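Just below is one structure, and these are the notes that go with it.
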Amino acid sequence: MKNIMIIAALCAALASCCPKNAVTLFPVSDFETEVDGKNVSLYTLKAGDLVMQVTNFGGRVVSLWAPDKDGNYEDIVLGYNNIDSYVNNRGERFLGAVVGPYANRIAGGTYTIGEETYNFPQNNNGQTLHGGLKGLDMVVWDVVSADETSIVLSYVHADGQEGMPGNLEIKMTYTLTPDNEFKVSYLATTDKATHVNISHHSFFNLKGEGNGTVNDNVLYINASKTTPVDSFLIPSGEIADVTGTPFDFREPKAIGQDLGVENEQLANGMGYDHNWVLDRRTESELELAASVYEPASGRYMEVWTDQPALQFYGGNFFDGSTCGKYGKTLNYRESLALETQKYPDSPNHPHFPSTLLNPGEEYSHVCVYKLSAK
C-alpha cells in the first residue's frame, strides 16, 4: 500500500506539468531503440479529427487523440510515454497492442490438430493468454510502409515459436480515415495447419487516460448470447442467453448498472471480462458490434467488425500501482477493451466457430473504431 501511495504522489506531480486539452506528440527519440536485433520507432498518423501514434514494437497504439463535444482533445487510450516501459513492462502488458496468434485464452495451454498435440507457455493461471510469454505484442514488426494516414506492418510468427505450429505470415494495417475511423485489418497465411485468432487490445477511456471511471459509460453490445466461463475464464462450452442477466446490453445501459448483482459469471470475471456472441446478419460483412457513449464529454465510439464475437473487458485488474503516459495512475475500472475476435479456446470446443487455418487459406479480420461527439 505504501508503494502505491508513493507512485500516486509521483504521478500527481507529473500530471500537474502537463497542459490540459492539448495534443501531445511524443518525440520519436523516446521510442527509438533496438530489440532482438530489429529497429523500433514511433509513427504519427493524422486524419479527420484524430491523431494517433504507433510503435512497431507489438504494433502498439501509444496514443489516440479525439475531440469532445466542445472540441477539446483528450488521449483516449492507455499507454506509456517511452519504449522501455513497454519492453520491460511491470504493469499491464497488453496496452494498445496486437494480441495473438491466438487472442484470449487456450485452456491448459494445449490443443490438438489431427494426431498432433501442441503445448504452449501457461502464462495466465495455467492457461495460455494472448499468444503466450512472447506473443505478437512483444515482438518487433517490420514496417512495410507508413504515410500520414496509415501504417502497414508485417511479421512472421515462426513454426514452433511459443510452441505454435506453422510459419504464420501476418500483415496488419492501421488506418485513420477522414470519417474519424481507426481501422485495423489483418491478413495471414500459413504453411502448416494452425489456429489463428488475432485481435487489437487498446484500453479506452473516452474521458481521457486517467480521467475517471468507465462505469458511467453507456454501453451497447449487439449480442443475445455469451460463452460462460469458469473461474479461470475458460469457456464451459455452453452458449448462454443474456436475457434477464447483467450481460444483456442490447438496450444501452451504464456499464456499472448491474455490477452489484449477485451473479456467478460476474464473480468469475471479477466483473465483465467475457465473450459475447454477436447477432450477425451476414457471414463476413462489416456490422455494428458495440457502441460506447461517455456522457460528460459526449464522445461516442462505435465498433464495427466482420468477426463473430466480441470480448468486453471492464478494467477489473488495474490497481493504481502503475502510471500512464501523463503521470496519472491507471486505476480500477477506469478503462475498457472491446476486442473483436472468434471465441476463446475454440480449438478445444469443436462446436465453436473454427479458428483453424490451413495452407492455401487466408485469415482475414477487420475491426473499425468509429469516433464522434454529441
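The values are calculated or read from the model by the stated rules, or taken from the named source; none is laboratory data. Everything numeric here is computed off the predicted structure, so don't read it as measured data. Backbone-built Cβ (ideal geometry, glycine too); neighbour counts: all protein chains shown. For the accessible areas, the whole protein counts, side chains as well, though only heavy atoms, and no ligand, DNA or RNA atoms are used. Shrake-Rupley method; radii C 1.70, N 1.55, O 1.52, S 1.80 Å.
Can you tell me how many residues within segment 185-226 are among the small types (Gly, Ala, Ser) and under 27 Å from Arg281 (Cα atoms)?
6
Picking from Thr175, Thr110, Thr128, which residue would you name as being under 25 Å from Leu286 (Cα atoms) and open to solvent by less than 60 Å² (accessible area, probe 1.4 Å)?
Exactly one of Thr175, Thr110, Thr128 is under 25 Å from Leu286 (Cα atoms) and open to solvent by less than 60 Å² (accessible area, probe 1.4 Å), namely Thr175.
Scanning segment 131-154 for residues that are touching a residue at least 24 places away in the same chain (Cβ under 8 Å) and hydroxyl-bearing (Ser, Thr, Tyr), which turns out least open to solvent (accessible area, probe 1.4 Å)?
Residue satisfying both the conditions and the ranking: Ser150.
Quick one: would you say Ser372 is touching a Phe, Trp or Tyr at 6+ places or on another chain (Cβ under 6 Å), open to solvent by 10 Å² or more (accessible area, probe 1.4 Å) and more than 19 Å from Gln265 (Cα to Cα)?
Spelling it out, Ser372 is indeed touching a Phe, Trp or Tyr at 6+ places or on another chain (Cβ under 6 Å), open to solvent by 10 Å² or more (accessible area, probe 1.4 Å) and more than 19 Å from Gln265 (Cα to Cα).
Counting only residues that are without any contact (Cβ under 8 Å) to a residue 40 or more places away in the chain and of a type outside the set (Ser, Thr, Tyr), how many does segment 229-248 have?
Within segment 229-248, residues that are without any contact (Cβ under 8 Å) to a residue 40 or more places away in the chain and of a type outside the set (Ser, Thr, Tyr) number 10.
On the given criteria, is Tyr86 assigned to a loop (DSSP other than H, G, I, E, B), open to solvent by less than 30 Å² (accessible area, probe 1.4 Å) and under 24 Å from Arg333 (Cβ atoms)?
no
Looking only at strands (runs of 3 or more DSSP E) that fall completely inside segment 257-345, which ones have 1 or more residues that are modelled with pLDDT under 95 and not hydroxyl-bearing (Ser, Thr, Tyr)?
Where strands (runs of 3 or more DSSP E) fall fully within segment 257-345, none carries at least 1 residues being modelled with pLDDT under 95 and not hydroxyl-bearing (Ser, Thr, Tyr).
Here is a check on your reading of the model: is Gly212 of a type outside the set (Asp, Glu) and free of Cβ contacts under 8 Å to residues at least 12 places away in the same chain?
Answer is no for this residue.
Look at Leu336 and say whether it is out of contact with any Ser or Thr (no Cβ under 9 Å at 6 or more places or on another chain), farther than 26 Å from Leu168 by Cβ and open to solvent by less than 10 Å² (accessible area, probe 1.4 Å).
Numbers: out of contact with any Ser or Thr (no Cβ under 9 Å at 6 or more places or on another chain): yes; farther than 26 Å from Leu168 by Cβ: yes; open to solvent by less than 10 Å² (accessible area, probe 1.4 Å): yes.
Taking the combined requirement at face value, the residue satisfies it.
State all residues of segment 341-366 that are in contact with an Asp or Glu (Cβ under 8 Å, 6 or more places away or on another chain) and crowded, with 22+ Cβ neighbours inside 10 Å; if no residue qualifies, say none.
If the condition is that a residue be in contact with an Asp or Glu (Cβ under 8 Å, 6 or more places away or on another chain) and crowded, with 22+ Cβ neighbours inside 10 Å, then His365 is the only one that fits.
Answer yes or no as to whether Asp147 is closer than 30 Å to Ala47 by Cβ, acidic (Asp, Glu) and modelled with pLDDT of 95 or more.
So Asp147 fits the description; yes.
Cβ-Cβ below 9 Å, separation at least six or inter-chain, first residue in segment 347-370 and farther than 11 Å from His195 by Cα and β-branched (Val, Ile, Thr), second open to solvent by less than 30 Å² (accessible area, probe 1.4 Å) and not in a strand (DSSP E or B): which pairs?
Listed by first residue and then by second, the contacts come to Val366/Asp306; Val366/Gln307; Val368/Thr177.
Of the conditions (1) surrounded by fewer than 22 Cβ atoms within 10 Å (Cβ to Cβ); (2) out of contact with any strand residue (DSSP E or B) (no Cβ under 7 Å at 6 or more places or on another chain); (3) small (Gly, Ala, Ser); (4) within 28 Å of Leu50 (Cβ to Cβ), Ser321 fails just one. Which one is it?
It fails just one condition, (4).
Where in segment 1-75 are there strands (runs of 3 or more DSSP E), lying fully within it, with 3 or more residues that are in contact with a Leu (Cβ under 9 Å, 6 or more places away or on another chain), farther than 17 Å from Gly324 by Cα and at pLDDT 95 or above?
The qualifying strands (runs of 3 or more DSSP E) are 42-47.
If you take the residues of segment 178-195 that are among the hydroxyl-bearing types (Ser, Thr, Tyr) and open to solvent by 10 Å² or more (accessible area, probe 1.4 Å), which of them is farthest from the chain's Cα centre (by Cα)?
Within segment 178-195, the first condition is being among the hydroxyl-bearing types (Ser, Thr, Tyr), and the residues that meet it are 185-186, 189-190, 194.
Narrowing the set further to residues that are open to solvent by 10 Å² or more (accessible area, probe 1.4 Å) leaves 185, 189-190.
Values: Ser185: 14, Thr189: 22, Thr190: 24 Å.
Among residues in segment 178-195 that are among the hydroxyl-bearing types (Ser, Thr, Tyr) and open to solvent by 10 Å² or more (accessible area, probe 1.4 Å), the one farthest from the chain's Cα centre (by Cα) is Thr190.
Counting residues that are of a type outside the set (Val, Ile, Thr) and within 21 Å of Asp306 (Cβ to Cβ), which strands (runs of 3 or more DSSP E) fully inside segment 103-191 reach at least 2?
Here the list reads 150-157, 168-176, 181-190.
With respect to the numbered conditions (1) of a type in the set (S, T, N, Q); (2) under 17 Å from Val152 (Cα atoms); (3) open to solvent by 30 Å² or more (accessible area, probe 1.4 Å), which one is the sole condition not fulfilled by Asn72?
Asn72 satisfies all of (1) of a type in the set (S, T, N, Q); (2) under 17 Å from Val152 (Cα atoms); (3) open to solvent by 30 Å² or more (accessible area, probe 1.4 Å) except (2).
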